[in-house]
Each structure stands twice: as structure tokens, then as C-alpha cells.
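**Student:** Structure provided below as C-alpha cells; questions to follow.
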Amino acid sequence: MVNAVESEIRERFYYQMTLIRRFEERVFELFADGELFGTTHTYIGQEANAVAVLNHLQDDDIVVSNHRCHGHYLARTGDVEGLLAELMGKTGGVCGGRGGSQHLCNGSFYTNGVQGSTVPIAAGMAYVEKMKGTDAITVLFVGDGTFGQGTVYETFNLASLWQVPLLIVVENNRYAQTTPLDLNFAGSFVARARAFDLSVAEIESNDVEKLYHRFGHVMKNIRTRKKPHVEIIHTYRLCPHSKGDDYRPSQELEEWQAKDPLKILGQRIASEDKQETERQVCARIEQAEDKVREMPFPTLEKQASHIQVRGA
């Protein structure tokens, strides 16, 4: 028997995951229509990870994301207008239209598209919170491909030595761009973290409720003990690496589409509730798009206002 609290949590999770999914699908459509430029790395298929982890955060906690950051940002902030405006290069964007898809900065949420660069940054932020004596923890999201960067292991060493309140969430979606894991990764994620005496565990699931329960224990321990932890989520992205470069076998994709996190949670929610969620989400995104289209593009002076030239 599901009580009222559990039902409310499920509906909130389903709304958040649906919002991420429909937003990302709309991003693909806008690129196809020539309204967005550059590139983008969507989060389709991994929505359960962001929702499960970030619903445990307190207001002063820090989130550091990567190139595949839209899902993390929406789960943390719900800021549809700011994100869409940033993608469209408008003045109302998270970073005034300068950061684009991969580089967002809003409050205590940060992203960077350079693989591995965020790992020492996040550890440094966690170290500062420890020195300040706060209860804040830092959550860092990285992908399996980031484990090919040496700075990851340099940071593992320091995080272990300094015992910083840092949660490293490894979203292993089994591909580094288009290269499968078994062609580029030796050993195991767990063994690599243990080599630095880090607390580490792994879970394979697309079930947001199972992940939420797991990360509740993990994050409580980090907050209480003020020590780092690495948690590997073995997952899968149902979208291309970026806009269209997808060479994975069709049978593999079909097998994972059956494990779609939205389908898993959707089986526990009444049909009429799911329909209402879809209506609300679509209306939310449509309203945001209408507002963003009315926003101006930044002037050249505005775009250059943050640049400082030595000697000027």
C-alpha cells in the first residue's frame, strides 16, 4: 500500500524526469530547425540519476556538472527559461547567453565542458566548505570517459588525504562518445577508487526510487562523516552522444529502451496522473519558449563587458 507521502514523491520525481526528457527532445527539434547552434549533449535515458541524487540536497550544497548538464541543472533548479535562453544565446540566459549548452553558472551550480577539469575544482570547493565548518557537501557528476584523464587520479589522491565532503557520481553510460567501455577502459571503477583508499560502491539501476533510497544513505554519511565517496551508477543514454553521432547496435538500443527510467516509474503511477504530468510539462516548456523568444540577443558591448584586456 502506497501512502500519501510516497505517492507525492513519486509524482514529483515523475514530473522532474518528464520535464528533463521533454526539454531535451525539444532541444533536438530546435537544432534540427536551425534555431540552435554549436552542439549539445542531452541527458535522455539518465534522468533517474539526477533526480535521485539532487533531491537529497540542502540549499547550501554545491553541484558541479559536466558537458551533459541539462538534466542536472533542471533537477536542481527547475529553471527552464534560463536554460533555454542560454542555449538560444539570449540575454535572459543563465550566463547571459555566453555559456551555451555546456557552461552554466547559477548560484551554487557550475558546469564545464572540459573533461576532467571539474574534478579538482569540485574537490577544492568541498575543501573550502570543510575549512569553513559548514554542513555543505559538494556533488560532482562525471562520466565514464572522464576516467581517461589523469587529473581524476591526482584529485582522488588529494580528496582522500584531505578527507573532503565530496560525492563523486560516476554515470557510466558505457560509451565514451562513440567508443564502448570495453575498448577503452581497463580494470574497474571500484578498484581505481580503492587504490586511493576512497569509500566507493556501485549500483546498476534505472529505477529512480531505488537510486533515491541508495543516495539517501550515501549523502547522509558524507554529511555526517565529512569524508569523500565515489558512487558508480551503471546506466545508459538513450540519445546520441551529441546531436547525431550514434553508431550503437539497434538491438542494444531496443534492449535499453525497455529499461527506460520513465517507463519504470510510470508503471507505478495512474494513467490519468501521467497524462496530467505530460500536459503540465508541455505547457511549462511552451510558456518558457514563448518568453525566451521575446528576449533580445545581447549587444556586442554586452557580450564583451566581462572581458578584461591587460593594459586597457
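**Student:** So what is the accessible area of region 4-294 per residue, in Å², with the probe set to 1.4 Å?
**Tutor:** Per residue, region 4-294 has 42 Å² of solvent-accessible surface.
**Student:** Residue 181 to residue 279: extension gain in nm, 0.36 nm per residue of separation minus the Cα-Cα distance?
**Tutor:** Between residue 181 and residue 279, full extension yields an extra 31.5 nm.
**Student:** Just in region 126-172: which GluC sites (Glu not before Pro) are loop by DSSP and have at most 13 other Cβ atoms within 10 Å?
**Tutor:** Answer by residue number: there is no such site.
**Student:** Right, here's the next one. Excluding same-chain pairs closer than 8 in sequence, count the lysine pairs in the chain whose Cα atoms lie under 27 Å apart.
**Tutor:** 22
**Student:** At residue 203 and residue 12, where each label point lies 7 Å from the Cα along Cα→Cβ, what is the point-to-point distance in nanometres?
**Tutor:** 1.7 nm
**Student:** Divide by every residue of the chain the summed helix terms, -39500 (n - 2.57) for each DSSP H run of at least 4, and state the resulting mean residue ellipticity at 222 nm, rounded to the nearest 500 deg cm²/dmol.
**Tutor:** Calculated mean residue ellipticity at 222 nm is -15000 deg cm²/dmol.
**Student:** Can I ask one more? Applying the Karplus parametrisation 6.51 cos²θ - 1.76 cosθ + 1.60 with θ = phi - 60° to the phi angles of region 156-167, what ³J(HN,Hα) value in whole Hz is obtained for each residue in order, glycine and proline being reported as x?
**Tutor:** Along region 156-167, the couplings run 3, 4, 5, 4, 6, 5, 8, 6, 8, x, 10, 9 Hz.
**Student:** In whole angstrom, note down how far apart the Cα centers of region 68-115 and region 223-262 are.
**Tutor:** Taking the Cα centre of region 223-262 as reference, the centre of region 68-115 is 21 Å away.
**Student:** May I have the convex hull volume per residue, in Å³, for the Cα set of region 68-217?
**Tutor:** 129 Å³
**Student:** Continuing with this model, one more query. Can you tell me the order of 51-58, 112-119, 67-74 when each peptide is scored by its average per-residue count of other Cβ atoms within 10 angstrom, highest first?
**Tutor:** Descending packing order for the listed peptides: 67-74, 51-58, 112-119.
**Student:** Let me ask something else about it. If you place +1 on the Cβ of every Lys and Arg and -1 on the Cβ of every Asp and Glu, how big does the dipole about the Cα centre of the chain come out, in debye to the nearest 20?
**Tutor:** Charge dipole, the chain, about its Cα centre: 980 debye, nearest 20.
**Student:** Now, a different point. To the nearest 0.05, what FRET efficiency results for residue 221 and residue 121 with a Förster distance of 25 Å applied to their C-beta separation?
**Tutor:** Calculated transfer efficiency: 0.65.
**Student:** Right, next: Given 0.36 nm per residue, what is the gain on full extension from residue 157 to residue 190 after removing their alpha carbon distance, in nm?
**Tutor:** Roughly 10.4 nm would be gained on extension.
**Student:** Once both labels are modelled 7 Å past Cα along the beta-carbon direction, what's the residue 58-residue 37 spacing in nm?
**Tutor:** Calculated label separation equals 4.4 nm.
**Student:** Using a 1.4 Å probe over the heavy atoms of the protein chains, calculate the carbon and sulfur portion of the accessible area of region 4-294 as a whole percent.
**Tutor:** Solvent-exposed carbon and sulfur of region 4-294 make up 49 percent of the total.
The values are calculated or read from the model by the stated rules, or taken from the named source; none is laboratory data. As the structure is a computational prediction, the values presented were derived from the model and not from experiment. All Cβ positions, even for glycine, are placed from backbone atoms using ideal geometry, and neighbour counts span all protein chains on display. Surface accessibility is based on the protein's heavy atoms, side chains included, excluding ligands, DNA and RNA. Shrake-Rupley method; radii C 1.70, N 1.55, O 1.52, S 1.80 Å.
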